[in-house]
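Below is one structure, written out as structure tokens; the observations come after it.
Here, each number is a calculation from the coordinates, and none is a lab measurement. Since the model is a prediction, treat every value here as computed from it, not as a measurement. Here the Cβ is made from the backbone with ideal geometry for all residues, glycine too, and neighbour counts use every protein chain on show.
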Amino acid sequence: MIKILLDTDIGTDVDDAVCLAYLLAHPDCELLGITTVTGEAEKRASLASVLCQTVSRDVPIYPGAEQPMQGVQRQPIAQQAVCLPRWPHQTEFPQGQAVDFLAQTIRAHPGEIVLLTIGPLTNAGLLFSQHPDVAKMLAGFVMMGGNFDQAGPEGDRVEWNVAGDPLASDIVYKAPVRLHRSLGLNVTQRVMMSADEVRDRYTNPLLRPVLDMAEIWFTGFYPFITYHDPLAAATIFEPDLCSYQKGRVLLDTVDQPGKTIWQADESAGPHEVALEVDVDRYFEHFFGIVSQSQVS
């Protein structure tokens, strides 16, 4: 079993809900807790609780920071919260305790926990700045964030999660974590599924509330899902779904705040970024795991 803490902005892009469903279904995942980030963090916590209750799992959920450490909040509302009346969900959560919860949980399991972040990095930045000892206690830090294909046609794109809080992102990339892995847009955007295929394949009971959230995404944003976040999660359990390169991630804090700059260094780089993904194998893995979920 791998112990996971999940930090998520579930409620806007639907891939967060897809990722959480995957973690709840995975037989080797011990999900120790969930923290939420960005605007309407409590509604995001309620959305996370929908999936936990679908599989009758009592996972601690803590609403986290709604405002970034630096910059303007670009994600003030959780659009998918409109589906909450249709699903059983939790409505009361501990307030103002998300970062302390993360720190206390990591200290209780030194060397055992992977912190998975799939939203803007405010909670993680606060964690590493307020509790600097915990970085070295993590088994790993895995994030969906950044863009590491500077030479490609979309090399100038600034990724949402890292740019959502440049100061927090800078703190995170300087944290001395033993495994510091980023799944960037250069890889995650290759893993996509159309709305029609999602509707055809999301038949497992665990995915029914995810599909409800997805319809809001399809109507208000894009008619497809890009599997940014669930791919990042999958590499924790099946790292060879992707290939990687070691090096150093630097951040542009002046011209394009939050833009990631990649410097390859296989000998001494503190960071690891994904370079390639086996898309067909990923989908086989994802649906194989989700099919094992037990809904009571």
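Starting from the coordinates of the alpha-carbon atoms of segment 147-186, obtain the Kirkwood hydrodynamic radius over all distinct pairs and give the value in Å to one decimal.
11.3
Extending 7 Å from Cα along the Cβ direction at Asp280 and again at Asp265 yields two label points whose distance is 3.9 nm. Is any residue of segment 246-277 close enough, with backbone N under 13 Å, to a label point placed 7 angstrom from the Cα of Asp156 along the Cα-Cβ axis, and if so, which? Backbone N within reach: 256.
The candidate values were [x] 31, 23, 17; [y] 26, 22, 19; [z] 48, 31, 16; the one computed from these coordinates for semi-axes √(5λ) of the Cα gyration tensor in Å carries the label [y].
Per residue, the average separation of C-alpha pairs within less than 8 Å and at least 6 apart gives the chain a relative contact order of 21 percent.
For segment 154-247, compute Rh as the Kirkwood radius over C-alpha pairs and then the Stokes-Einstein diffusion coefficient at 37 °C and 0.692 mPa s; write the answer in µm²/s, rounded to an integer. Reported coefficient: 211 µm²/s. Couplings 3J(HN,Hα) for segment 140-151, derived from phi with the Karplus relation 6.51 cos²θ - 1.76 cosθ + 1.60 (θ = phi - 60°), are x, 10, 10, 9, 8, x, x, 8, 10, 10, 4, 8 Hz, where x marks Gly and Pro. According to the square roots a ≥ b ≥ c of the eigenvalues of the Cα gyration tensor, what is the shape class of segment 94-146, taking rounded for a/c under 1.5, prolate for a/b larger than b/c otherwise, and oblate for the remainder? Here segment 94-146 falls in the oblate category.
For segment 69-168, chymotrypsin sites (Phe, Trp or Tyr not before Pro) meeting the loop criterion (DSSP other than H, G, I, E, B) and having at most 12 other Cβ atoms within 10 Å: none.
Under a model in which nothing but the beta-carbon of Lys, Arg (+1) and Asp, Glu (-1) is charged, the chain shows a dipole of about 460 debye around its Cα centre. When Rg and Dmax are taken over the Cα atoms of segment 1-129, they come to 13.6, 40 Å.
Give the range of the longest stretch in the chain that excludes all GluC sites (Glu not before Pro) found in loop regions by DSSP and having at most 11 other beta-carbon atoms within 10 Å. Display every interim value, and only then the final one.
Values: sites that count: Glu92, Glu154, Glu266.
For GluC sites (Glu not before Pro) (loop position, at most 11 other Cβ atoms within 10 Å), the longest site-free span of the chain is 155-265.
Full extension of the chain between Gln294 and Phe221 yields a length gain of 23.2 nm, computed as 0.36 nm times the residue separation minus the alpha carbon distance. Mean separation of Cα pairs under 8 Å and 6 or more residues apart, divided by the residue count, gives segment 64-219 a relative contact order of 26 percent. Paramagnetic label reach from Gln95 (point 7 Å along Cα→Cβ; backbone nitrogen cut-off under 15 Å): within segment 19-44, residues 40-43.
Whole Å is fine, so just give me how far the alpha carbon centre of segment 13-67 lies from that of segment 89-140. Between the Cα centre of segment 13-67 and that of segment 89-140, the gap is 14 Å.
If the chain between Lys136 and Arg74 were fully stretched, how many nm would it gain, using 0.36 nm times the residue separation less the Cα-Cα distance?
Working: separation 62, 0.36 × 62 = 22.32 nm, distance 3.10 nm.
Fully extending the segment from Lys136 to Arg74 adds 19.2 nm.
Here Arg57 and Arg248 are evaluated by their C-beta separation; at R0 = 35 Å the FRET efficiency comes out at 0.40.
At most 16 other Cβ atoms within 10 Å plus a DSSP loop assignment makes a site exposed; report the longest stretch of the chain without any exposed trypsin sites (Lys or Arg not before Pro). Could the numbers behind the result be given before it?
Values: sites that count: Arg57, Arg74, Arg178, Arg190.
The longest uninterrupted stretch comes out as 191-296.
How high is the FRET efficiency from Asp255 to Phe287, r the C-beta distance, R0 35 Å, rounded to 0.05? Write out the running numbers ahead of the final one.
Numbers: r = 42 Å, r/R0 = 1.19.
For Asp255 and Phe287, the calculated efficiency is 0.25.
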